[in-house]
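See below for the structure under consideration.
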Amino acid sequence: MDWGPIVSTSLGAVIGIASTLATDQIRTRRGREDKDQAARQQLYGDYLAALARTRNQLRMAARPTGLPDGERIRRTAEAFHEGNAYELRYQIAVVAPREVVEASTAAFRSLRDLRDLVEAGALNTSEDYVQARNRWELLLAELRIAMRRDLGRQVF
């Protein structure tokens, strides 16, 4: 009996099955990576929006409108509570790479420093406020760059 045709047929079947399994595994991995990236992109967008909301509310509280100190303090506290940045920052700490987490932490702390100045009575025209705002804007730009790099987007 000639074993050649049986062996070659069996070997062809094994190669075919192995290549199909490998292709399916690669496709599954790529699909998972695409889902993970889409989830990070959504989270990053939500976090940036939360930071922007918080920053805008702080800006409004720092305007020289004659607000009583108690009202200014209440508004700054609400800015952080309602902005939702705390919760999203913790989610970023779980799913993002270290570069994004570090940039996120730096930007968040800078925004918190700005909040502390407003609570202490600084107005948007004071030198301390302007310096803190400029620092915040720089760190926010660095955060966006880190996020873009993580998502494989062009950094300009």
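The values are calculated or read from the model by the stated rules, or taken from the named source; none is laboratory data. These figures come from a predicted structure and were not determined experimentally. Neighbour counts run over all protein chains shown; Cβ positions are idealised from the backbone, glycine included. All accessible areas refer to the heavy atoms of the entire protein, side chains included, with ligands and DNA or RNA removed. Shrake-Rupley method; radii C 1.70, N 1.55, O 1.52, S 1.80 Å.
Write down the accessible area per residue of the chain in Å², having rolled a 1.4 Å probe over the full set of protein chains.
Per-residue accessible area for the chain comes out at 63 Å².
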- For the ASN84, ASN134 Cβ pair and Förster radius 41 Å, calculated FRET efficiency rounded to 0.05 is 0.95
- Task: Calculate the tail of P(r) for the chain: the fraction of all Cα-Cα distances greater than 21 Å, expressed in %.
- Result: 58 percent
- Return one number: the angle in degrees, 0 to 90 and rounded to the nearest 10, between the long axis of the Cα atoms of helix 4-61 and the longest principal axis of the Cα atoms of the chain. 0 degrees
- Heavy-atom accessible area of GLU33 with all protein chains present, probe 1.4 Å, nearest 10 Å²? 100 Å²
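Once you keep just the Cα pairs under 8 angstrom separated by 6 or more residues, what percentage relative contact order results for region 86-156? Each step should come with its number before you reach the end.
Working: 44 pairs, mean separation 24.1, N = 71.
Relative CO of region 86-156 lands at 34 percent.
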